[in-house]
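Student: First the structure, which I've put down as structure tokens, then a few questions once you've had a look.
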Amino acid sequence: MLSQYSLAALLTALYLVMTWYCFRHTTVRRASTGEPGKQSYELVLGYASQGGTAEALAHQYASMLPGVTPTTVLPLNALTHQVLERSKKVLFFVSTYGEGEAPDNGLRFERYWRNQTANNLLTHLEFAVLALGDSQYQKFCGFGNSIAQLMNRQGARPMFEPVQVDRSDTQALELWRKQLTVTDLLSAGAANTLEAAEDQIGNSPGSAQWNLSDRRLLNAGSPGNPLYLLSFKCQGGLPNWQAGDIARIWPFDDRSQLPREYSIASVPDNGVLTLVVRLAQRDDGSPGICSSWLTDQLSQTESVRIDIRKNRAFHAAPEAQPLILIGNGSGIAGLLAHLEEQHSNSQHGHWLIYGERSPDCDRILDEQLTAWCATGHLDTLLRAFSRSDNPAYVQDLIRSNADQLRAVVKNGAQIMVCGSRLGMAPAVDAALSQALGSDTMQELATTGRYRRDIY
């Protein structure tokens, strides 16, 4: 997942202030609901966001731009050539995923413009780029820089140079606000409101104090690193969260350290917050700082602050049923939360395709999954084990069940993938494209029926 932790906390604070601001400024126009490609726009705010940070920023800024009409907010995949032809200005809010990669909801946009020759197709257009990234990665803000280059190649005119934000770089965000003020897109009052919100970093409504209530090893004897199920009880009222959301934890509860992010494996109806944490091993053989603390050193008497980050990009679309859940390793956490949420909503008949190592030691949460199969909550449970007499991976199960998958997707299912970014995710994407067709996969991604939480 993207390492934009402090930005996520900032956006939560911005949400509170902007809600008040928008209530007071009821004359601010709503984003146009016209059909993209037919409606003309004075301003488009386009976002590409794997974890929801850039999307939240785009919507917050849309509520703060006075007198610019008509305006709309769109994911980049919906920002077609036709939309750009009918738009005067575009503000790009884009995160970089991994080493310079596009988030899922920006892939189609990038591929389209990368395949266009330099023909000055957008000479009428003005644009600006807010690039979110993490300087720990070699290609810092790589996707944001790529967007600027692609627009320049088509003759679009930059309003100012791309603004690069390294995690919680408030100076970069201040520069972005200043530039928008200079171009008369953002009023001084709105800029001041945003600046005031930055002072509230950390006062997140999703923050709470928790105590460890249970810690259980899930894969005793596995050839892989130990995998634990951790349950936490809240010291006060339960915060609200949805399946797909993220828990942010600081090692040893030390706020000066870089937080770690974990997919939440439960929903509030469960009464606890659960995580699935694998004991990480660093290159020198030593255990990971946060994972070793959580899986071994943390006691039940210690109080732990956990922040919950909304991850809209991995929320289920309620109208798309059933779910086809695909993952491996600790990715079972994000998939489990969706199964719990669907169970609470009395929506059944889902698929789970899951990969691990040993069939003898890695039947993770077997009792729960088997029970759901018996009741019909899980219609199909497919498990692949890479270290067995017949080694297989999740992508192999996708290929061998391609006909059934095509039928379920044709009837409205959505696909959700959670787990390893480097190994599993690209292999699963390729297998799905082979099984369903690349056009279908593009349609699923554009309409929100193909969502991923990969790291």
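The values are calculated or read from the model by the stated rules, or taken from the named source; none is laboratory data. Just so it is clear, the model here is predicted, and its values are computed rather than measured. So basically every Cβ, Gly included, is an ideal-geometry build from the backbone, and we count neighbours across all protein chains shown.
Student: Applying the selection to the range 214-242, what residues are surrounded by 17 or more Cβ atoms within 10 Å (Cβ to Cβ), closer than 20 Å to residue 298 by Cβ and among the small types (Gly, Ala, Ser)?
Tutor: Once the filter is applied, which keeps residues that are surrounded by 17 or more Cβ atoms within 10 Å (Cβ to Cβ), closer than 20 Å to residue 298 by Cβ and among the small types (Gly, Ala, Ser), the range 214-242 yields only 231.
Student: I want to confirm something. Restricting to the range 47-59 and keeping residues that are free of Cβ contacts under 8 Å to residues at least 60 places away in the same chain and crowded, with 22+ Cβ neighbours inside 10 Å, which single residue is nearest to residue 100 (Cα to Cα)?
Tutor: Result: 47.
Student: From the list 61, 47, exactly one residue is touching a Leu at 6+ places or on another chain (Cβ under 8 Å) and under 20 Å from residue 122 (Cα atoms). Which is it?
Tutor: 47
Student: Still on this structure, please answer the following. Conditions: (1) in contact (Cβ under 8 Å) with a residue 40 or more places away in the chain; (2) in contact with a Pro (Cβ under 7 Å, 6 or more places away or on another chain). Residue 127 meets all but one. Number of the miss?
Tutor: (1)
Student: Right, another one. If I go through the range 277-336 residue by residue, how many of them are on the phi > 0 side of the Ramachandran plot and surrounded by fewer than 21 Cβ atoms within 10 Å (Cβ to Cβ)?
Tutor: 1
Student: When the residues of the range 113-152 are narrowed to those that are of a type outside the set (A, V, I, L, M, F, W, C) and assigned to a strand (DSSP E or B), which ends up farthest from residue 41 (Cα to Cα)?
Tutor: Here the answer is 133.
Student: Residue under question is residue 296, and the condition is that it be in a helix (DSSP H, G or I) and either over 12 Å from residue 241 (Cα atoms) or assigned by TED's automatic domain parsing to the domain that holds residue 336 (or both); does it hold?
Tutor: Yes; evaluated as a whole, the condition is true for this residue.
Student: Looking at residue 248 and the list (1) under 20 Å from residue 418 (Cβ atoms); (2) modelled with pLDDT of 95 or more; (3) of a type outside the set (Phe, Trp, Tyr), which single condition is not satisfied?
Tutor: The failed condition is (2).
Student: Further question: Return the pairs, sorted by first residue and then second, in which the second residue is charged (D, E, K, R) and part of a helix (DSSP H, G or I), the first residue lies in the range 343-367 and is at negative phi, the beta carbons are less than 7 Å apart, and the residues are 6+ apart or on different chains.
Tutor: 344/269
Student: From 384, 431, 371, grab the single residue that is modelled with pLDDT of 95 or more, surrounded by fewer than 17 Cβ atoms within 10 Å (Cβ to Cβ) and more than 20 Å from residue 317 (Cα to Cα).
Tutor: 371
Student: Report yes if residue 393 is touching a helix residue (DSSP H, G or I) at 6+ places or on another chain (Cβ under 8 Å) and farther than 30 Å from residue 318 by Cβ, otherwise no.
Tutor: yes
Student: Here's a follow-up. Name the residue that is surrounded by the fewest Cβ atoms within 10 Å (Cβ to Cβ), counting only residues in the range 157-174 that are at pLDDT 90 or above and among the polar types (S, T, N, Q).
Tutor: That would be 171.
Student: Another one. Can you name the condition, by its number, that residue 155 falls short on among (1) within 21 Å of the chain's Cα centre (by Cα); (2) not in a helix (DSSP H, G or I)?
Tutor: (1)
Student: Given the structure, is residue 104 within 19 Å of residue 58 (Cα to Cα), in contact with a helix residue (DSSP H, G or I) (Cβ under 8 Å, 6 or more places away or on another chain) and either buried (at least 17 other Cβ atoms within 10 Å of the Cβ) or touching a residue at least 24 places away in the same chain (Cβ under 8 Å) (or both)?
Tutor: Yes.
Student: If you take the residues in the range 184-204 that are surrounded by fewer than 13 Cβ atoms within 10 Å (Cβ to Cβ) and in a loop (DSSP other than H, G, I, E, B), which one is modelled with the lowest pLDDT?
Tutor: 203
Student: Residue 277 is checked against (1) over 23 Å from residue 316 (Cα atoms); (2) out of contact with any Cys (no Cβ under 7 Å at 6 or more places or on another chain) and fails just one. What number does that condition carry?
Tutor: (1)
Residue-by-condition table, conditions (1) closer than 30 Å to residue 437 by Cα; (2) in a strand (DSSP E or B); (3) among the basic types (Lys, Arg):
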| position | (1), (2), (3) |
| --- | --- |
| 337 | yes, no, no |
| 358 | no, no, no |
| 403 | yes, no, no |
| 408 | yes, no, no |
| 412 | yes, no, no |
| 417 | yes, yes, no |
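Student: Tell me which residues, restricted to the range 130-152, are under 20 Å from the mean Cα position of the chain (by Cα) and among the aliphatic types (A, V, I, L, M).
Tutor: Residues satisfying the conditions are 130, 131, 132, 147.
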